[in-house]
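Below is one structure, written out as structure tokens; comments come after it.
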Amino acid sequence: AQSVTQPDIHITVSEGASLELRCNYSYGATPYLFWYVQSPGQGLQLLLKYFSGDTLVQGIKGFEAEFKRSQSSFNLRKPSVHWSDAAEYFCAVVPYSGGGADGLTFGKGTHLIIQP
Amino acid sequence: AAGVIQSPRHLIKEKRETATLKCYPIPRHDTVYWYQQGPGQDPQFLISFYEKMQSDKGSIPDRFSAQQFSDYHSELNMSSLELGDSALYFCASSPSRGRGNTEAFFGQGTRLTVV
């Protein structure tokens, strides 16, 4: 079964500083990869996704992520964070298979705190 | 743009009662997913439906059942509720089954509290 590891439970970043959130996955083949953001008590919003092709993907709100097959990683980055980026970030995977209705497997999440 | 609608937004039930959560997918989305997110936890996949048939099953307890109706809305039925069922329940929908490269759009969730 696939699994997702987000090694950092909490990360504190100063406003305007750069950000990198780590995500590693364990799966026999390359899965489809996603980053979601969740504000307190809210639903999950998709930031970006990787299916194939260019390993550097651009998302919404100025986020990007890089897929590295050799490291089984899909780290999320942003060059300059804003106070509104404070939220919970989840990395997720779904198997590459014929079943498109397979459920997502999420990491435990990284709580991002922005310091003024 | 239309989003995934979940009702109710909040629900309080007593132990051993039953609860029904409803999900209305985005128009023309034929696939629905249910997730459970406990306090401070990551979302856990419960079950999914494609074209009114169960498609994938995750960690859904036997006390729970779900179905997708002809208008593609879905209901999650939960019986013999336990305190541990208190969680945020998300529904998501996607436009087509196909391969996994279809984005799932999440609703705002139903917060279930069992007392």
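The 3J(HN,Hα) values that the Karplus relation (6.51, -1.76, 1.60; θ = phi - 60°) gives for region A:105-113 are, in residue order, 9, 9, x, 6, x, 10, 8, 9, 10 Hz. Gly and Pro appear as x.
With θ taken as phi - 60° and the Karplus curve 6.51 cos²θ - 1.76 cosθ + 1.60 applied, the whole-hertz 3J(HN,Hα) list for region B:32-40 is 10, 10, 10, 10, 10, 10, x, x, x Hz, x standing for glycine and proline. Projected over every direction and averaged, the convex hull enclosing the alpha-carbon atoms of the protein assembly as shown yields 12.6 nm². Inter-chain Cβ neighbour count for A:65-71, averaged per residue, equals 0 (cutoff 10 Å, partner chain atoms only). Here the Kirkwood formula, the inverse mean of 1/r across different C-alpha pairs, assigns region A:45-116 a hydrodynamic radius of 13.7 Å.
Here the Karplus relation 6.51 cos²θ - 1.76 cosθ + 1.60, evaluated at θ = phi - 60°, turns the backbone of region A:54-70 into coupling constants of 3, 7, 9, 10, 9, x, 7, 6, x, 7, 9, 9, 10, 8, 10, 4, 5 Hz, with x for every Gly and Pro. For the pair residue A:71 and residue B:103, label points projected 7 Å from Cα toward Cβ lie 2.6 nm apart.
Build a GNM of chain A with springs between Cα atoms under 10 Å apart, and of A:95, A:40, A:31 the one that fluctuates most is A:40. Projecting label points 7 angstrom from Cα along Cα→Cβ for residue A:80 and residue A:39 puts them 2.2 nm apart.
Expressed as a fraction of 2.2 N^0.38 Å, the value expected for a compact globular protein of N residues, the C-alpha radius of gyration of region B:1-67 is 1.20.
Partner shielding of A:107-116 amounts to 1, given as the average count of beta-carbon atoms from other chains within 10 Å of each residue beta-carbon. Database remark: amide H of residue B:47 closer than 5 angstrom to the amide H of B:34, B:58 (H placed geometrically; neighbours at sequence offset of 5 or more, or on other chains; Pro and chain starts carry no H).
With bins 10 Å wide beginning at 0, the percent of Cα pairs of chain B falling in each bin runs 15, 50, 29, 6, 0.
If you take the beta carbon distance between residue A:11 and residue B:111 as r and set R0 to 25 Å, what does 1/(1 + (r/R0)^6) give as a FRET efficiency, to the nearest 0.05? Mind showing how you got there, number by number?
Values: r = 26 Å, r/R0 = 1.05.
The calculated FRET efficiency here is 0.45.
The mean number of Cβ atoms from other chains found within 10 Å of a Cβ in peptide B:53-59 is 3, as a whole number.
A short reminder: the numbers here are calculations on the coordinates, not readings from a lab. Every value quoted in this text rests on a predicted model; they were computed, and no experiment measured them. Neighbour counts are summed over all protein chains in view; Cβ atoms, including those assigned to glycine, are modelled from backbone coordinates with ideal geometry.
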